[in-house]
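Since every read-out is calculated from the coordinates, none of them should be taken as a lab result. It should be emphasised that the depicted structure is a prediction, and the values quoted were computed from it without experimental measurement. Ideal geometry is used to build each Cβ from the backbone, glycine not excepted, and the neighbour counts take in all protein chains shown.
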Amino acid sequence: MGIHRILLSIFFTVLIAHLAQAQPMTDYEIELDDIVTGLSQPVAGANAGDGSGRLFIVEQKGRIRIVQDGALVTDPFLDISSRVRVNSSGYDERGLLGLAFHPDYAENGRFFVNYTAPGGQNALSVIAEYHVSANDPNRADMEETRLLTYSQPEGNHNGGQLAFGPDGMLYIAAGDGGGAGDQHGPIGNGQNLDTLLGKNLRINVNDANGGFIPRDNPFVDGDGMDEIWAYGLRNPWRFSFDRGTGALFCADVGQNRIEEINIIEKGGNYGWRVMEGSDCYNPSSNCDRSGKILPIAEYAHGANRISVTGGYVYRGSVFSSLHGNYVFADYGGDMFVLENATPGVWTLKEAPWRYSDGPASAVSFSSFVEDEEGEVYVLYTRGGFFNSPGRLARVTVPGDTPLSAGEWDAYQ
Ligand SMILES: [Ca+2]
Ligand SMILES: [Ca+2]
């Protein structure tokens with residue numbers, strides 16, 4: 001190598017180091033690595049916790065698909081399209097919206113779905129139990145047992161998430177009934193403890209004799225419906241439990257201005273419709289803030305920011321920079337990391353992203369999925385959600401390092 005090339009090499013090395021310091025620090029740079037495409041309106045996903053490594057993807061019109069060994073299985077795990085009330089084409093917030101596997105699924109084959117059926121005022125939200133086939137682990141039986149139903153007065157704000165907590169209870173996201181501004185009833189639904197709408201619900205799927213009501217729910221022994229765990233929510237489309245701490249992270253979709261992330265506590269009032277995020281909503285000023293729990297993070301609407309899509313606290317082993325931080329997105333296309341560098345302190349960070357094989361494009365981020373190892377995936381479409389092929393991509397951080405064995409062991 002000639003002296004000029006050596007000097008040139010040193011020059012560029014110094015220049016690159018200088019540029020790296022001069023750039024504004026971007027705390028998280030995400031790469032999306034596509035696993036499968038060809039999904040139809042994917043809105044939710046779950047793993048079965050049975051050691052199979054499969055991911056189960058919910059399609060809005062009523063099917064559950066399986067991703068196994070990195071490929072989409074052709075035949076659906078379950079197809080209840082004929083039982084679901086949803087538009088055959090175009091925008092809709094109804095449909096098959098949630099899926100959760102029983103903590104003992106490997107032994108009992110029980111799983112649960114959340115969907116809108118014909119009935120009720122506009123539709124009927126149904127929380128129902130299904131069962132895997134006795135002779136095919138990739139097929140479910142069509143027999144259904146309904147555990148809980150409630151009427152939806154409008155087509156929008158149906159919530160949808162289902163997830164089992166570390167306490168073995170099934171948690172349910174119920175939106176405020178829809179329309180706009182929580183318009184139903186004198187105080188809306190979010191603040192009305194006599195309706196299940198606008199709530200986080202909690203039931204015990206193992207106690208049919210007790211009406212599926214956990215006796216330690218906050219409103220069992222007094223006023224308020226017994227299924228309610230927390231209230232004052234608008235459209236808690238996606239929530240998840242941190243498998244490290246058990247904390248319940250709920251992303252609540254805002255009205256016109258503010259998107260928010262909450263940590264849900266038993267009996268907590270999360271403000272809606274009195275408040276949108278940390279601002280007054282109704283009334284628009286001098287609202288009663290007493291007893292309202294503020295979000296741990298919020299952001300304003302803007303380009304690519306219209307509706308929050310809740311994610312997961314990353315507890316995988318591969319990307320140490322994400323560990324213990326909440327990864328989420330906006331439906332409009334931006335990604336975020338809610339950083340937990342100090343216990344109890346949450347800091348919202350931008351997370352600019354690209355594809356592993358090219359620059360970012362216009363997308364719709366509908367939901368996140370966590371696999372059995374704690375790795376995180378996102379469901380999305382490139383372009384409009386209702387007319388583009390649905391995709392499952394793994395969320396990765398290029399150049400990151402895996403957790404050390406000691407760090408990993410601390411969470412097992
Ligand atoms: Ca009660
Ligand atoms: Ca709130």
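Explain nothing, just the number: dipole magnitude of the chain about its Cα centre with +1 on each Lys and Arg Cβ and -1 on each Asp and Glu Cβ, in debye rounded to the nearest 20.
With only Lys, Arg, Asp and Glu charged at Cβ, the dipole is about 840 debye.
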Using Cα centres only, tell me the gap between region 363-409 and region 192-258 in whole Å.
26
Of all beta bridges DSSP finds with both residues in the chain, what is the antiparallel percent, to the nearest 5?
95
Just want the ordering: Tyr171, Tyr91, from fewest to most Cβ atoms lying within 10 Å of their own Cβ.
Tyr91, Tyr171
Run the helix sum for the chain: -39,500 (n - 2.57) per DSSP H stretch of 4+ residues, divided by residue count, reported at 222 nm to the nearest 500 deg cm²/dmol.
-2000 deg cm²/dmol
Would you be so kind as to identify which of Asn47, Gly178, Gln191 lies farthest towards the positive end of the dipole of the chain, taking Lys and Arg as +1 and Asp and Glu as -1 on Cβ and the Cα centre as origin?
Gly178
Working from Cα positions, state the angle (0 to 90°, nearest 10) between the long axis of helix 3-22 and the longest principal axis of the chain.
30
Karplus (6.51, -1.76, 1.60) ³J(HN,Hα), θ = phi - 60°, over region 76-92, in Hz, Gly and Pro reported as x:
x, 5, 8, 9, 10, 3, 6, 9, 9, 8, 7, 4, 6, 8, x, 4, 6
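Please report, largest first and rounded to whole Å, the three semi-axes of the ellipsoid equivalent to region 35-314, where each semi-axis is the square root of five times an eigenvalue of the C-alpha gyration tensor.
30, 21, 18
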Toward the positive end of the charge dipole of the chain, about the Cα centre and with charges on Cβ (Lys, Arg +1; Asp, Glu -1), which of Asn262, Trp272, Tyr299 goes farthest?
Tyr299
